[in-house]
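The values are calculated or read from the model by the stated rules, or taken from the named source; none is laboratory data. Keep in mind it's a predicted model, so treat the numbers as computed, not measured. All Cβ positions, glycine included, derive from the backbone under ideal geometry; neighbour counts span all protein chains shown. The accessibility values were calculated without ligands, DNA or RNA, using every heavy atom of the protein model including side chains. Shrake-Rupley method; radii C 1.70, N 1.55, O 1.52, S 1.80 Å.
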Amino acid sequence: MKLNCDMGEAFGAWAMGMDEQIMPYVDQANIACGFHASDPLTMSKTVALAKQYNVTIGAHPAYPDLVGFGRRNMDIAPSELKALIQYQVGALQGICQAQKTKVSYVKPHGALYNTMMTDFTVLETVIQAVSEIDPSLILMVMAVPEKDQVTALASKYGVTLWFEAFSDRLYTDEGRLTPRKQANAVHQSFERIEQQVEELSLKGGLTTASGQHLSVHADTICVHGDGLHAVEAVKRIRTLVDGLG
């Protein structure tokens, strides 16, 4: 099981996350592209850090929402959304090319990510945007019950998918993330996070908010690098996953 983490989310003088401490423990870095966070210098430094630790680089495009950190939904026409995604991915590709490395996949951020996993017309726009940039780019999407439908849509454009689950997010019985504004939407204890990672790795599922077992077949698990105990949590998850491997 691979571990991925959202990174490069600082902006100018404003720090976010603990990228230097966490990069050595993950396999895939989802690097912000300037629309919800980051700036050219931050992107460049994060690419260099990922290259140093041989971490696979992914673009992390978002709605144009710096103030809301990309977590507010936006009603954007398909043609504009496609251009926004391609603009962001292209920017990171340029920085990677300058450092003799590459973008290997795309993982949308925040509200865009959540919306595309419930509105498949938005998902199709994202898939099309990725396919037009480079059909070899992999698209990272949430592991949802409609996996076959999502796979078929990606196959239409020749795009390969990686399905991901979250180590520290509470899931609904419908297989979606509990909204952050609701209580207990993010697991706080190491024990609960480790339990969810172990369930995902060994049982192909997890326990939902109501205590039900939900089948979740994931290729990669998202860990977060911006919490109070993020570094310790990621270290423990790395040790757990390596031990189960």
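On a straight-distance basis, which aspartates and glutamates could pair with Lys156 in a cross-link, Cα separation under 18 angstrom, same-chain partners fewer than 8 positions away excluded?
Of all the aspartates and glutamates, those that pass the test against Lys156 - Cα under 18 Å, at least 8 places apart if same chain - are Asp119, Glu124, Glu132, Asp134, Glu146, Asp148.
Taking 0.36 nm per residue of separation and subtracting the Cα-Cα distance, what length does fully extending Leu244 through Asn73 add?
Net length gain for the segment: 57.8 nm.
Using the Kirkwood formula on the Cα atoms of the range 90-150, what hydrodynamic radius do you get, in angstrom to one decimal?
Final number for the Kirkwood radius of the range 90-150 is 12.6 Å.
Could you tell me the center-to-center distance, by alpha carbons, between the range 68-102 and the range 160-206 in angstrom?
The range 68-102 and the range 160-206 have Cα centres spaced 26 Å from each other.
For the chain, what does the accessible surface come to per residue with a 1.4 Å probe? Please give it in Å².
46 Å²
Per residue, how much space in cubic angstrom lies within the convex hull of the C-alpha atoms of the chain?
Hull volume over Cα atoms, normalised by residue count, gives 118 Å³.
Let me test this: with uniform point scatterers at the alpha carbons of the range 113-245, what is the Debye-based log₁₀ I(q)/I(0) at q = 0.17 1/Å?
Evaluating at q = 0.17 Å⁻¹ gives log10 I(q)/I(0) of -0.94.
What is the spin-label model distance, in nm, from Gln21 to Lys100 if the labels are put 7 Å beyond Cα along the C-beta direction?
Going by the 7 Å Cα→Cβ label model, 3.2 nm.
Want the number for Glu132 to Glu174: 0.36 nm per residue separation, take away the alpha-carbon distance, what's left?
Going from the current span to full extension adds 11.9 nm.
Leaving out ligands, DNA and RNA, and with a 1.4 Å probe, what % of the accessible surface on the chain is carbon or sulfur?
The value for the chain is 51 percent carbon and sulfur by accessible area.
Can you give me the relative contact order of the range 101-202 as a percent, contacts being Cα pairs under 8 Å and 6 or more apart?
Result for the range 101-202 is 21 percent.
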